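Novice: Sharing a structure here in structure tokens format.
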Amino acid sequence: MSDQKITVQPSIGRTLGIIVGDLIMFGLFAAIGRRSHSEPTTFGDIVQIAAPFAIGWLAVAPWFKLFRPEVYGSTKIVLQRTAAAWALAAPVGLALRTLGWGKEFKIAFAITTFLFNLVLLLAWRGWTARKLQRQKPAV
């Protein structure tokens, strides 16, 4: 992986694409979790499970400039910022889930949630950075 910084032009479409991808990752986490426990998996179930973590992420990630495509010029920086942001967003999501959604706090769920979403976010954000770096600048 190259540490060379490449200029990635900002655009509303790119920013929305990044956000939608994040939300899909949280939905994927919820769907896989439900299926792994052989529980029914409806769209409503997925939203209910993913929402507190998505809200936590959407609250924290902007502080790390993770919705600004110009940050994506360096995959290394994106991955570092993603990991740091998730380290703060995960506890926010768990607190929302416990206090706002009335779910019991379980350490095994907290650890699994942290690690699984970290892997998903790093994979998504790393892939996105590489893809944006290969795009030609808009004219």
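The numbers here are math on the coordinates, done by the rules we state, and not lab data. If you're wondering where the values come from, they're calculated on a predicted model, not measured in any experiment. As a convention, Cβ positions derive from the backbone with ideal geometry for all residues, glycine included, and neighbour counts pool all protein chains shown.
Novice: For segment 14-56 and segment 88-139, compute the distance between their C-alpha centroids and round to whole Å.
Specialist: So the separation of the two Cα centres works out to 10 Å.
Novice: Right, something else. Please return the longest range in the chain lying between exposed loop sites, taking chymotrypsin sites (Phe, Trp or Tyr not before Pro), DSSP loop only, at most 15 other beta-carbon atoms within 10 Å, and leaving the sites out.
Specialist: Working: sites that count: W101, F105.
That gives 1-100 as the longest site-free run.
Novice: With a 10 Å Cβ neighbour count serving as the proxy for reagent exposure, in which order, fewest first, do R97, R125, R35 appear?
Specialist: R35, R97, R125
Novice: Something else about it: Over the alpha-carbon set of segment 36-76, work out the extent along each principal axis and list the three values in angstrom, largest first.
Specialist: 40, 20, 14 Å, listed from the longest principal axis down.
Novice: Follow-up. Any idea what the alpha-carbon Rg over 2.2 N^0.38 Å comes to for the chain?
Specialist: Cα Rg divided by the expected 2.2 N^0.38 Å: 1.10.
Novice: Compute the angle between helix 43-60 and the longest alpha-carbon principal axis of the chain, please, reported from 0 to 90 degrees and rounded to the nearest 10.
Specialist: With rounding to tens, the tilt is 50 degrees.
Novice: Here is a further query. Be a star and scan segment 16-45 for residues whose amide nitrogen sits under 12 Å from the point 7 Å along the Cα-to-Cβ vector of K103.
Specialist: Residues 27, 29-34, 45 qualify, since their backbone N sits under 12 Å from the label point.
Novice: If you only keep lysine pairs separated by 8 or more in sequence, or across chains, how many in the chain come under 19 Å at the Cα atoms?
Specialist: 7
Novice: Would you kindly state how much longer the chain becomes between Q48 and L115 on full extension, computed as 0.36 nm times their sequence separation minus their alpha carbon distance, in nm to one decimal?
Specialist: Stretched out fully, the Q48 to L115 stretch lengthens by 22.2 nm.
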